[in-house]
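Comments concern the structure below.
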Amino acid sequence: QVQLVESGGGLVQPGGSLRLSCVASGSIWRIDTMGWYRQAPGKERELVADITSIGTTNYDDSVKGRFTISRDNAKNTVYLQMNSLKPEDTAVYYCNADIHITYRGTSWDYWGQGTQVTVSS
């Protein structure tokens, strides 16, 4: 079994910062791309940022220059450093990972349970 567990969400004032963490555990051979998605009430889930196993990053235009995604392969962990937060960043943030459970075949897509981020004064 593979699990992704997020942490680090909470309430922060506009302009503040938070760092989200997501750790993958279980039967894992290799993790390819890891990423962060978010979903606000009444809206579709959207990609925030992702990062490949060798460190290539991709960001949604709305967070470029404010958010930084990183990973620690030795810890099977991905991070999202969020600076200069805005009220429109308020959402549930979900961790995603493409994981090979063996050295054969393709990877499988896994999701965390989500962590709430609220930006409000």
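Out of region 27-48, which residues are within 19 Å of Tyr59 (Cα to Cα), touching a Phe, Trp or Tyr at 6+ places or on another chain (Cβ under 6 Å) and open to solvent by 60 Å² or more (accessible area, probe 1.4 Å)?
Scanning region 27-48 gives a single hit, Arg45.
Residue by residue through region 84-111, note down the ones that are among the acidic types (Asp, Glu) and within 13 Å of Met34 (Cβ to Cβ).
Scanning region 84-111 gives Asp98, Asp109.
Run Ser25 past the list (1) out of contact with any Ser or Thr (no Cβ under 9 Å at 6 or more places or on another chain); (2) farther than 29 Å from Gln1 by Cα and report the number of the one that doesn't hold.
Looking at each condition in turn, Ser25 falls short on (2).
Thr68 is checked against (1) more than 12 Å from the chain's Cα centre (by Cα); (2) farther than 21 Å from Gln1 by Cβ and fails just one. What number does that condition carry?
It is condition (1) that Thr68 fails.
Of all residues being assigned to a strand (DSSP E or B) and open to solvent by less than 30 Å² (accessible area, probe 1.4 Å) in region 1-17, which is nearest to Ile101 (Cα to Cα)? Just the residue, please.
It comes out as Val2.
Looking at (1) open to solvent by 40 Å² or more (accessible area, probe 1.4 Å); (2) among the small types (Gly, Ala, Ser); (3) in a strand (DSSP E or B), can you tell me which one Ala24 breaks?
(1)
Given (1) over 14 Å from Val117 (Cβ atoms); (2) open to solvent by 60 Å² or more (accessible area, probe 1.4 Å); (3) touching a Ser or Thr at 6+ places or on another chain (Cβ under 6 Å), identify the lone condition not met by Ile51.
(2)
Restricting attention to strands (runs of 3 or more DSSP E) lying wholly within region 61-121, give those where 2 or more residues are hydrophobic (A, V, I, L, M, F, W, C), in contact (Cβ under 8 Å) with a residue 24 or more places away in the chain and surrounded by fewer than 18 Cβ atoms within 10 Å (Cβ to Cβ). So that I can check it myself, show each step before the final result.
Working: elements: 67-72, 77-82, 91-100, 108-111, 115-119.
Qualifying strands (runs of 3 or more DSSP E): 108-111.
As an exercise: evaluate Pro14 against (1) at pLDDT below 95; (2) touching a strand residue (DSSP E or B) at 6+ places or on another chain (Cβ under 7 Å); (3) farther than 30 Å from Arg104 by Cα and give the number of the one condition it does not meet.
It is condition (1) that Pro14 fails.
The values are calculated or read from the model by the stated rules, or taken from the named source; none is laboratory data. In this text the structure is predicted, and so the values were computed from the model without any measurement. Backbone-built Cβ (ideal geometry, glycine too); neighbour counts: all protein chains shown. The protein model used for the area step is the full one, side chains on, heavy atoms only, and it has no ligands, DNA or RNA in it. Shrake-Rupley method; radii C 1.70, N 1.55, O 1.52, S 1.80 Å.
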